[in-house]
Amino acid sequence: MEILVQMSTKELSRLEVMQRLSKKQMSQKEAGEILHLGNRQIKRLLKSYRTEGAVGLVSKHRGRKGNNRLSESVKKQSLSLLKTKYQGFGPTLAHEKLVEKDKLKLSVESVRKIMIEEDLWKPRKLKKVVTHQLRERRACFGELVQIDGSPHDWFEGRAEVCVLLVFIDDATGKLVQLQFVDSESFFSYAQAAEEYFKHCGKPVAFYSDKHGIFRVNQSSSGAGDAITQFGRAMHELDIQIICANTPQAKGRVERANQTLQDRLPKEMRLLGISTREAGNAYLSEFMQDFNQRFADEPRSEVNAHRSLTATDDLARILTWQEARTISKNLTVQFEKNVYQIQTERPTYTMRNAVVTVCADAKQNITLLYKGKSLPYTIFHKQAKQSEVVLAKDLNTVIETVPFKPAPDHPWRTFNLSKNKSRNVTAPRGGDISTLGKG
């Protein structure tokens, strides 16, 4: 009776060689060279072929479960956690948590396979490879720090959408500063930079995009040597600002943003963090864990950061500064306010003199004349004027402006009791009421 034998291409090659070897048409040495096997293995295969025929060359493991397969108990436990506690996690991050927090023994590929089988993860399609010119990392820690802001729903609806400011070292890929802020602004970057300087010192250069905080982009600004407030502050601290021409040029911080948008919200979800204050308090712990996993050693052991000196008055340097000319009445106008300078000097000595108006994040005003602060009183406040708002900050500004209907607005004059006979659809979620025909 004939037996149907299923053989792979590799096993068919072995069958052909064993047939020729049994007929003494080649030597065992030649058979080993063809099959890339040792003399001992050739003898074992030849013995199996002579006793069992072609069946003796078929692998005995075919159709059996692997000896190192994942146990069903571990698979069920990991699947239960993936669908509840780690819902929405990617395979790599989920594997880290399953191994570190839940003490399960399985590989990242096993987690990926389970998630694909249960439709918890879809393999990403390979993108078309676009070749960019490679730039070698800087050699020293603190030689170049890439900075960027990443707007995202960091708290997954538990708090308002905000921006995460990211400072990452180019030489090591190490996060050196993270901070949640309302939006990308001069004061938010100044506050984040101040905390970074106090912990690490001053870097040699910042590498950023062409945001208006770092670079004057208006063609009508006059000469090409115009500088922004942040640029002026960094110039006083002897820190160079370099603006990238494309996002790919500062790819290290762009890729870090993607990793942070995937990992940080899930970490805060596991810890139950639902406010921006709690999130900012947790960021130092997150940075330490992130750097242990992803940071590299620099090529040079030299730390390029420079310590703050006695002349680095951050409280003054990191303020919004504008020059103003003193009028004949010793007044200065700034941000819709008129400031009356108080002095015991003769008034003519300060007429037409130039003072520097310094405003901090809390709108505390300091008037500097020849490096010294001048006393003043607020003379009066001007009427509110229209202000210029960047496109990135438009939503934030609109949300902070309260809307109050006029006294004669239909919302105020409408009397619901007089219109009971009409169909009234109650407003939902702030929508305007719709009145049907009676």
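Read-outs throughout are calculated quantities, based only on the coordinates presented, and are distinct from any laboratory measurement. Keep in mind that what you see is a predicted model, and the values were worked out from it rather than measured. Glycine gets a Cβ as well: all are built from the backbone with ideal geometry, and neighbour counts include every protein chain shown.
Computed values, structure above
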item	result
Net +/- balance of residues flanking Phe155 in space, Cβ distance below 10 Å, scoring K and R +1, D and E -1	0
P(r) histogram, all alpha-carbon pairs of region 145-294 included - 5 Å bins from 0, percent	2, 9, 18, 23, 20, 14, 8, 4, 2, 0, 0
Pairwise centroid distance, computed over Cα atoms, of region 89-124 with region 47-67, Å	35
Dmax and Rg, reported as Rg then Dmax, of region 72-117 (C-alpha, Å)	9.0, 23
Cα-centred dipole magnitude for region 80-162, charges only on beta-carbon of K, R (+1) and D, E (-1), debye, nearest 20	360
Partner lysines for Lys24 [C-alpha distance under 20 Å; skip if fewer than 8 residues away on the same chain]	Lys43, Lys47
Cα lying deepest toward the dipole's positive end in region 251-291, options Gln258, Leu271, Ser284, charges on Cβ	Gln258
Greater than 32 Å apart at Cα, pairs in Lys83/Lys127; Lys101/Lys128; Lys97/Lys127; Lys202/Lys370; Lys174/Lys370	Lys101/Lys128; Lys174/Lys370
J(HN,Hα) series, region 137-143, from Karplus relation 6.51 cos²θ - 1.76 cosθ + 1.60, nearest Hz, glycine and proline x	4, 5, 7, 10, 5, x, 6
Pair Arg40, Lys24: separation of 7 Å Cα→Cβ label points (nm)	2.7
Calculated FRET efficiency for the pair Cys243/Glu301, C-beta based, R₀ 22 Å, to 0.05	0.15
Cβ-placed point charges (K, R +1; D, E -1), dipole of region 210-285 about Cα centre in debye, nearest 20	300
Region 291-367 - percent relative contact order, Cα under 8 Å, separation 6 or more	29
Full-stretch length increase - Arg345, Arg324 - with 0.36 nm per residue and alpha-carbon distance subtracted	5.6 nm
